[in-house]
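Q: Quick one: this structure, given as structure tokens, is what I'll be asking you about.
Each reported figure results from applying straightforward, stated rules to the coordinates on display, with no laboratory input. What you are looking at is a predicted structure, and each value in this text was computed from that prediction instead of being measured. When we count neighbours, we look across all protein chains shown, and the Cβ atoms used for this are built from the backbone with ideal geometry, even at glycine.
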Amino acid sequence: MIPNKIVFIGLLFIFLWADGCPNEFIEIDESCYYKNHIDVLQDFIDVNESLRNFEPQNIGTQEWKGGKLTYLYLGDHLLKVLPNSIGLLSNLQYMDLRKNQLMTIPNGICSLYPYHTGINLTENNICPPYPNCFEYISHQNTINCESFQCPDGYVELESECYSEKHINVLQSIIDNNESLNGLRPLNLGQEVGNQQWENGKLIILDLKNNELTNIPEELCSIYHELNSFDVSNNAIHLPYPSCFEFLGYQDTLNYNRPSSCSSAYISIDEMCYSKKDIQVLKEFAKLNTEIIDYKPLELGDQIWEDNRLNQLYLEGLEISTVPESIQDLDSLKSLSLSNNNLQILPETLCNIYPNLIWIDLANNHLCPPYISCFDYIGQQVSENCQYDFCPLDYKEIDEECYFKKDLTVLQEIIDKNVNLSGREPLEIGVQKWKNMHLDFLYLGVNELTVIPESICEIYTNLTAINISRNKICPPYPECIIEILGEQDTSHCP
């Protein structure tokens, strides 16, 4: 333990209103703190003798933003118990509890982990059974655990448990690449690259510069579980696994070069490219003086599939004009024009917009009125815009515009679930927004009991939604019946 050492990182945006703290906040030393979070810190003190002489705002190392706790370090503090109220730390981004004497952890931790809060529990004495959000907790002193063994789906390697599925994927990568012959799964990336594991699951895999030529389809079964993945600067050739459109730079110049091109294609360096796609790239260069000397294939980063331009990244090139002919890129799936000098877009972009899976127009100078396929374009340098406000049906939050209907549905979810009380619409679950419309929503493991009928008003606009592992009771909105997943209905009437 670090005795009598109180490290307090400066309060971020904690304020004291002229007439006192706002509702649900309390004043301590002339600063406002969210009372629920102070109460949880007091609970830490009440159940751990080692903290008894501290005030809540002074235990461990803390960071606060807007009066709410966002970071908590209580490593090496002789903690033996975590309070049941820990799940109320709804704004916490990271909590470090390493090197303590914990033997169990409360189920309330699942309101935080793994989708809201990163948690380090290493070097404790935690034994199974674990809360339902953990399959395994790694790097524990298990000498006092009763008949400890790796859980189902895990294998023991080097005295630790690892997900068998993740180990098998690494073995498949080895089997498909001659440059990795003789390596074992846990040796991948040791000399060049990196792999990191959390609680027996792979979370980071970096295999840059490993002379790879093939990535097996099996990787897609775990790709969504990785925080970081990088296999750039190899020689991986098409086709890629189905979960990838782009794998970074690959040296494939000597792979599968066709000898001749049909009439709709042009040969460049003995490869065939769509003539009309090449022409669009030429027009980009012709219309923008900063890139006028570029050859078509030198512009930005490009991915071609079946001789058609599939992904185009023209970022930070001081582009001010997009050619009308952009509509001819009818095989394009990803387009980035971010960090340029665009003030206007051609209406013809709308002809290919429905085909795009991803588009990034951030950090330009685009002002309303926008072209017809956009209600709103966010993250713009708008200081010279004549009209700098959110359009009809949008609401401004933190200087960005969000679609009101999506916000209303999120608020209804909060209103109907006590466990979400006190949160703002943008704070619940894991969200991704596209053109300021809600595109992805993860609300799994949130102790939800009700999903409002209004979810069906936005359901068809979502790329993905997950509400599994909650306590939602019937009757259910019709649109979500097939995606309910596992629900604990033991408390339902």
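Q: Taking θ = phi - 60°, what integer Hz values does the Karplus form 6.51 cos²θ - 1.76 cosθ + 1.60 yield along the range 33-48, in sequence order, with x for Gly and Pro?
A: 10, 5, 4, 4, 6, 4, 4, 5, 4, 5, 4, 4, 5, 5, 9, 9
Q: Here is a further query. Structure shown: which of 68/432; 405/434; 333/432; 208/286; 395/434 lie over 26 Å apart, alpha-carbon to alpha-carbon? Mind showing how you got there, number by number?
A: On the way: 68/432 23 Å; 405/434 14 Å; 333/432 19 Å; 208/286 35 Å; 395/434 15 Å.
Correct reply: 208/286.
Q: Also, I was wondering about something else. Roughly how far apart, in whole Å, are the Cα centres of the range 258-333 and the range 86-102?
A: Cα centroid of the range 258-333 versus Cα centroid of the range 86-102: 50 Å apart.
Q: Another one. By how many degrees, 0 to 90 and rounded to 10, does the Cα axis of helix 275-287 deviate from the longest principal axis of the chain?
A: 80
Q: Give the order of 289, 460 when sorted by the count of other beta carbons within 10 angstrom, beginning with the fewest.
A: Lowest count first: 460, 289.
Q: Rounded to the nearest 5, what % of the DSSP beta bridges within the chain are antiparallel ones? Don't jump to the answer; show the numbers that get you there.
A: On the way: 36 of 59 bridges.
So the antiparallel bridges in the chain amount to around 60 percent.
Q: Can you check what the Kirkwood hydrodynamic radius comes to for the range 265-388, Cα pairs only, in Å to one decimal?
A: Details: mean 1/r = 0.0671 Å⁻¹.
Result for the range 265-388, one decimal place: 14.9 Å.
Q: Order of 468, 421, 172 from fewest to most other C-beta atoms within 10 Å? Mind showing how you got there, number by number?
A: Details: 468 14, 421 11, 172 18.
The fewest-first ordering by Cβ neighbours comes to 421, 468, 172.
Q: Of the listed values (1) 27.3; (2) 25.2; (3) 26.5, grab the one calculated as Kirkwood radius over Cα pairs in Å from the structure here.
A: Matching entry in (1) 27.3; (2) 25.2; (3) 26.5: (3).
Q: In vacuo Debye scattering of the range 7-148, one point per C-alpha: log10 I(q)/I(0) at q = 0.09, 0.12, 0.16, 0.20 Å⁻¹?
A: With one equal scatterer per Cα and no solvent, log10 I(q)/I(0) is -0.28, -0.49, -0.83, -1.22.
Q: Let me ask something additional. List 74, 392 from most exposed to least, where exposure is judged by having the fewest other Cβ atoms within 10 Å.
A: Working: 74 23, 392 6.
Taking fewest neighbouring Cβ atoms as first place, the list is 392, 74.
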